[in-house]
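Here's the structure we're looking at; comments come further down.
Bear in mind these aren't lab numbers, they're just calculated from the coordinates by the rules spelled out. Keep in mind that this is a model prediction, so the values were computed, not measured. A quick note on method: Cβ atoms are made from the backbone with ideal geometry, for glycine too, and the neighbour counts reach across all protein chains shown.
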Amino acid sequence: MPNKGEVVLEVKDMCKYFGVTVALDHVNFTLKSGEVRGLIGENGSGKSTVSSIAAGMQKASSGEMFYLGKPWAPSTALEAQKEGICMIVQEAGTIPSIPVADNIFLGHEDLFSFGPFVNHPKMVAAAQALLDELGIGIDASVVTGRLDLQQCKLIEIAKAMYWKPKILVVDETTTALSQTGRELLYKLMRRLADEGGSVMFISHDLDEMMTQCDAVTVLRDGHIIGSLNKDEFDGDVMKKMMVGREVKGDYYRSDMDPYGEEVVLKADCITTRRDLLCFDLELHKGEILGIGGLSECGMHTVGKALFGYEKILDGRVTVGPQHTVVKDVETAIKNGMAYTSKDRDHESVGLPGSIRDNIASTGYIKNLLVGPIISFKKEKAYVEKEITDLSLKCASQYHSVNTLSGGNKQKVVFGKWIGGDADILILDCPTRGIDIGVKASMYQLIYKMKKEGRSIVLISEELPELIGMSDRILIMKDGQVTHEAMRADHPTEHDLIEYMI
């Protein structure tokens, strides 16, 4: 490892263009040995772009880098890994159809090769030893597709740590982790820094950044705005640097507006293949119903079951005044329901498609011209309105979703369902990976929908979000509701945590 305080990575005058979009505009910064440096900024500010270039995942348009004092221009991520720079990407970084061990050593099978043959049992044993050493309780031989989003992210962490990196890039990883998973990652980050390594930590959670980082560098619209050392950390100052204006106070609801008595969605003693056993729930007209708990408590399964996405073995979910049974996703959509998944890339957007294709996919009825024929003009205006309302950063509505930042992808998910005028929205971690400015506008949008009489199930691992936005909160543990809190009772995080653990 380099000596503590030594410059390990230097970025000079770096630019990156995606067509006419400027992602990085003459960026300069340094990373030193022994530090955890945060990179913060709004969605599309350039955080992931500059770090992924350093990690060999893409090329800069111009500029130069120096790694350990030598010119650095890795041609692939594998090359960067072998030289000591590893990145845990924001989105899915595992292949679901292969075992855990194969994902950990993907591209490095030669470590276990004998001629043309791979010693797979030896690979599995090495992967299991690594997982056990890191305290990750996952079977290295299972097929990755059987695991949830958090477990897949833990596999990526293990894969990065195997190479004992000199620089570890952590890109919005904590949004996919429970508190236990976060604590594990924080511990590994600090251990690496204490041993002389360096961490580039990207997150939208300012409290997390101020707790875990030694310094932060702020980007806005592809420019470096400035850097702060730990003794200079101030939440309001960081917000102003990020968005270019004063952002103070909470952005949650401040009202105590009631909700209606009419039950618009009901789960009656539902049991699923995993997590839920005789689970009950009622959602009222104009209500924001928060559901919280630890990541593995079953709350994410609740969202899928309500929308007909998770098979119900016993009991039933009914919607509307006719008590229509929600037997599948098609029934849910026909009855004015919408669902946004925590696992955005696999369950909420079509990555290869355009912004227009994704947003228009649920609003085709509003854009019909005659019979089944869709009006090109109506559809274009429909999509453009959602892009404008959500401040979605893109060159045009024909921009591929795959090339957007994580936060802008999440805006596409919101636009896809909000534009369709759904009456019941099931939102699972809807602000995951979204910057503070967009969070504020989305919270305002959720409140606006409540005022319009729409009903919302808000599933979140963030207690401040649940407390700030919900009329009623259900706390879950082991697939059951352990506590119900009303907004009027002004619950605190401490009040709720005791029912989660």
> To two decimal places, what compactness ratio does the chain give when its Cα radius of gyration is scaled by 2.2 N^0.38 Å?
Replying inline: 1.00
>> Only bridges whose two residues both fall in the chain count here: according to DSSP, what percent of them are antiparallel, nearest 5?
In response: 60
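Contact order normalised by length for the range 7-243, with contacts defined as Cα pairs under 8 Å and 6 or more residues apart; what percent is it? Intermediate values should be presented prior to the final figure.
Working: 451 pairs, mean separation 67.0, N = 237.
So the answer I get is 28 percent.
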>> How many angstrom lie between the Cα centre of the range 260-278 and the Cα centre of the range 475-501?
In response: 18
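If you add up the charges near Thr94, with Lys and Arg at +1 and Asp and Glu at -1, over every other residue whose beta carbon is less than 11 angstrom from its beta carbon, what do you get? If you can, show how the numbers build up before the last one.
Details: positive: Lys153, Lys159; negative: Glu91, Asp102, Glu156.
Net charge around Thr94: -1.
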> Going 7 Å from the Cα of His120 in the Cα-to-Cβ direction, what parts of the range 143-166 have a backbone nitrogen less than 15 Å from that spot?
Replying inline: 143-145
> Given q = 0.09, 0.14 Å⁻¹, what are the Debye log10 I(q)/I(0) values for the range 351-501, with equal point scatterers placed on the Cα positions and solvent ignored?
Replying inline: -0.35, -0.76
> Which one of Gly415, Leu496, Ala60 has its Cα pushed farthest toward the positive end of the charge dipole of the chain, where Lys and Arg give +1 and Asp and Glu give -1 at the Cβ?
Replying inline: Ala60
> So what is the relative contact order for the chain, in percent, with contacts set as C-alpha pairs under 8 Å and at least six apart?
Replying inline: 16
> Under the Karplus relation 6.51 cos²θ - 1.76 cosθ + 1.60, θ = phi - 60°, what is the ordered set of whole-Hz ³J(HN,Hα) values for the range 47-54, x standing for Gly and Pro?
Replying inline: 4, 5, 5, 5, 6, 5, 5, 4
>> Can you compute 3J(HN,Hα) from phi for each residue in the range 122-137, using the Karplus curve 6.51 cos²θ - 1.76 cosθ + 1.60 with θ = phi - 60°, rounded to whole Hz and x for Gly and Pro?
In response: 5, 5, 4, 4, 5, 5, 5, 4, 5, 4, 5, 4, 7, x, 9, x
>> As an exercise, identify the trypsin sites (Lys or Arg not before Pro) in the range 1-92 lying in DSSP coil whose Cβ has no more than 12 other Cβ atoms within 10 Å.
In response: Lys59
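Within the set of other residues whose C-beta is less than 14 Å from the C-beta of Asn367, count the net charge using Lys and Arg as +1 and Asp and Glu as -1. Don't jump to the answer; show the numbers that get you there.
Numbers: positive: Arg356, Lys366, Lys377, Lys378, Lys380, Lys385, Lys416; negative: Asp357, Glu379, Glu384, Glu386, Asp421.
Net local charge, Asn367 excluded: +2.
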>> For Gly38, what residues show an amide H to amide H distance below 5 Å, using hydrogens built from the backbone and excluding near sequence neighbours?
In response: Phe201, Asp214, Ala215, Val216, Thr217
>> Suppose every Lys and Arg Cβ carries +1 and every Asp and Glu Cβ carries -1, with no other charges. What dipole size does the chain come out with about its Cα centre, to the nearest 20 debye?
In response: 1340
> How far, in degrees from 0 to 90, does helix 179-194 lean away from the longest principal axis of the Cα atoms of the chain, to the nearest 10?
Replying inline: 10
>> Report the Cα centroid-to-centroid distance between the range 364-399 and the range 85-113 in angstrom, as an integer.
In response: 38
>> Based only on Cα atoms, what mean projected area does the convex hull of the range 350-421 have, in nm²?
In response: 4.3
> For q = 0.13, 0.20 Å⁻¹, what log10 I(q)/I(0) does the range 3-148 give under the Debye formula with an equal point scatterer on each alpha carbon and no solvent?
Replying inline: -0.75, -1.19
>> Suppose we keep just the alpha-carbon trace of the range 377-418; what are its Rg and Dmax in angstrom?
In response: 9.6, 29
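Please state the relative contact order of the range 11-130 as a whole percent: Cα pairs under 8 Å, 6+ residues apart? Write out the running numbers ahead of the final one.
Working: 125 pairs, mean separation 21.8, N = 120.
That works out to 18 percent.
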> Going through the range 251-300, which trypsin sites (Lys or Arg not before Pro) have at most 13 other Cβ atoms within 10 Å and a DSSP loop state?
Replying inline: Arg273, Arg274
>> Restricted to Cα positions, what overall size does the range 7-243 have along the principal axes? Three whole-Å values, descending.
In response: 52, 36, 34
> Gly226's amide H: which non-local residues (gap 5+, or another chain) put their own amide H closer than 5 Å, with H modeled 1.01 Å from N in plane and none for Pro or chain starts?
Replying inline: Val218
> Can you give the calculated 222 nm mean residue ellipticity of the chain, where each DSSP H run of n ≥ 4 adds -39,500 (n - 2.57) and the sum is split over every residue, rounded to the nearest 500 deg cm²/dmol?
Replying inline: -9000 deg cm²/dmol
> Under 11 Å from the 7 Å Cα→Cβ point of Thr21, by amide nitrogen: which residues of the range 343-368?
Replying inline: 355
